[in-house]
1. If you go through the range 277-296, how many residues are in contact with a Leu (Cβ under 8 Å, 6 or more places away or on another chain) and touching a residue at least 60 places away in the same chain (Cβ under 8 Å)?
2. Kindly provide the set of residues from the range 97-112 that are part of a loop (DSSP other than H, G, I, E, B) and either within 14 Å of Gln39 (Cα to Cα) or of a type outside the set (A, V, I, L, M, F, W, C) (or both), ordered by number.
3. Any idea which of Leu109, Leu118, Leu122, Leu133 is surrounded by 24 or more Cβ atoms within 10 Å (Cβ to Cβ) and not polar (S, T, N, Q)?
4. Return a yes/no flag: does the range 234-256 have any residue that is in contact (Cβ under 8 Å) with a residue 40 or more places away in the chain, assigned to a loop (DSSP other than H, G, I, E, B), open to solvent by 10 Å² or more (accessible area, probe 1.4 Å) and under 30 Å from Ala28 (Cβ atoms).
5. Under the condition of being in contact (Cβ under 8 Å) with a residue 24 or more places away in the chain and in a loop (DSSP other than H, G, I, E, B), which residue from the range 155-171 is nearest to Asp114 (Cα to Cα)?
6. Return a yes/no flag: does the range 290-298 have any residue that is of a type in the set (Gly, Ala, Ser), at pLDDT below 95 and touching a helix residue (DSSP H, G or I) at 6+ places or on another chain (Cβ under 6 Å).
7. Between Lys267, Lys275, which is in contact with a strand residue (DSSP E or B) (Cβ under 8 Å, 6 or more places away or on another chain), surrounded by fewer than 21 Cβ atoms within 10 Å (Cβ to Cβ) and at pLDDT 95 or above?
8. Could you tell me how many of the residues in the range 306-321 are surrounded by fewer than 20 Cβ atoms within 10 Å (Cβ to Cβ) and either closer than 16 Å to Leu115 by Cα or basic (Lys, Arg) (or both)?
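The values are calculated or read from the model by the stated rules, or taken from the named source; none is laboratory data. Quick caveat: nothing in here was measured; it's all calculated off a predicted structure. For neighbour counting, all protein chains shown are included, and Cβ atoms are generated from backbone atoms with ideal geometry for every residue, glycine included. These accessible areas exclude ligands, DNA and RNA; they are computed on the full protein's heavy atoms, side chains included. Shrake-Rupley method; radii C 1.70, N 1.55, O 1.52, S 1.80 Å.
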Amino acid sequence: MIRLRTAATAVALTLSGALPVLAQAVPAGPPVNVQIVTQPGPAMPQFTRVDQPLLRDGLAAKSNGRIRVTLASWPERNLNGPEILRLVRSGQVDIGAVPLNTVAGDVPLLDVVDLAGLNPSLDQARKVAAAMLPEVNKELERFGVRILVMYPFAAQEFFCRGQVTSLADLRGKRIRTGGGSSNDFVTQIGGQPTGIGFPEVYGALERGVVDCAITGTGSGNSARWYEVTQSLYALPLFWSVSAYVVNIQWWNRLDPAVRAAMEATMKEVEDAQWKLGLEQTEDGISCNIGDRAGCKLGRIPDANPMRVYRPVPADTEVMRTTLTSTILPNWVKRCGARCGEIYNRVVAPITGVTYAGN
């Protein structure tokens, strides 16, 4: 990570001169073909506004065409997300991007970065992600992969059929979650957590297989969930913090100059994605409810815009109480006692919430 930050800092300081510097840093040589699979949908701004211009097009430009990126979203490769780590580990994909909670079943420590109710702000979520990066990479490197950078989506909130104005209205409803701690939260409030891959959620909502689904305000907009839901309950449960994961053997075999250029680009991607996550949270709400003045990144519904319901204070308190009473203890049960120790050593000083144990 020291080399990554050094390279990224050099790029930032050169500003407008960054592209020529990087081009000179990648000497002529054999083509480097890179397979990258990112994002749950090809229309998401994370894909169209960041991955395509910076990873696919930017690396080619900065290397004078030597780095050739084949970029695809999950649906374009018939993927739902949980397979990403395994594909990167096997070398079928060089770099993959996936929300941490989607693959936390394989590596439970990953879940702690973005537990439901843990991070009330995106700024805190970024601090937790940065602090936990060395810890989670120790775990992942045993599987032959490591995280290059983490990034968020917009605030993860509730898209629902019918009217939902509070957590009480979610009782008894079937709710699509991202797994892990979101399952614990939904169960605690009386809902029924349901696992469905992101590309299949639209159809599940349309047919009534689920009553609600949790996703980012902008992600739901890009997938047109406003066509099959009527209420957006804007309680920011978590941020779907995600990671670009690389196959270590492939990464270490790269020409050092090529690897340095990719490290610098990944730092640009990281900064762009965190900025986008902040912007997209309120933009997604505006777009879903048909507020043209506030909708800059997403789509306005052609008809029947959603209604947004802001969280009542009592529900915010329920979320925080559930974190300490249920979510943290359940996560430690899944992850092991040492995970509770890691949380208290690394995360608690940032959040101010301590895991008390049994």
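1. The first filter runs over the range 277-296 and keeps only residues in contact with a Leu (Cβ under 8 Å, 6 or more places away or on another chain), leaving 277-281, 283-285, 287-289.
If we keep only those that are touching a residue at least 60 places away in the same chain (Cβ under 8 Å) too, we end up with 277-278, 280-281, 283-285, 287-288.
Summing the residues that are in contact with a Leu (Cβ under 8 Å, 6 or more places away or on another chain) and touching a residue at least 60 places away in the same chain (Cβ under 8 Å) in the range 277-296 gives 9.
2. Of the residues in the range 97-112, the ones part of a loop (DSSP other than H, G, I, E, B) are 104-107.
Listed by number, the residues that qualify are Gly105, Asp106.
3. Working: Leu109 fails: surrounded by 24 or more Cβ atoms within 10 Å (Cβ to Cβ); Leu122 fails: surrounded by 24 or more Cβ atoms within 10 Å (Cβ to Cβ); Leu133 fails: surrounded by 24 or more Cβ atoms within 10 Å (Cβ to Cβ).
The unique qualifying residue is Leu118.
4. Within the range 234-256, one or more residues are in contact (Cβ under 8 Å) with a residue 40 or more places away in the chain, assigned to a loop (DSSP other than H, G, I, E, B), open to solvent by 10 Å² or more (accessible area, probe 1.4 Å) and under 30 Å from Ala28 (Cβ atoms).
5. Taking the candidates together, the pick is Ala155.
6. Of the residues in the range 290-298, the ones of a type in the set (Gly, Ala, Ser) are 290, 293-294, 298.
Narrowing further to those that are at pLDDT below 95: 298.
After this cut, where a residue has to be touching a helix residue (DSSP H, G or I) at 6+ places or on another chain (Cβ under 6 Å) as well, the list is 298.
Checked the range 290-298: at least one residue is of a type in the set (Gly, Ala, Ser), at pLDDT below 95 and touching a helix residue (DSSP H, G or I) at 6+ places or on another chain (Cβ under 6 Å).
7. Working: Lys275 fails: in contact with a strand residue (DSSP E or B) (Cβ under 8 Å, 6 or more places away or on another chain).
Answer to the selection: Lys267.
8. Summing the residues that are surrounded by fewer than 20 Cβ atoms within 10 Å (Cβ to Cβ) and either closer than 16 Å to Leu115 by Cα or basic (Lys, Arg) (or both) in the range 306-321 gives 6.
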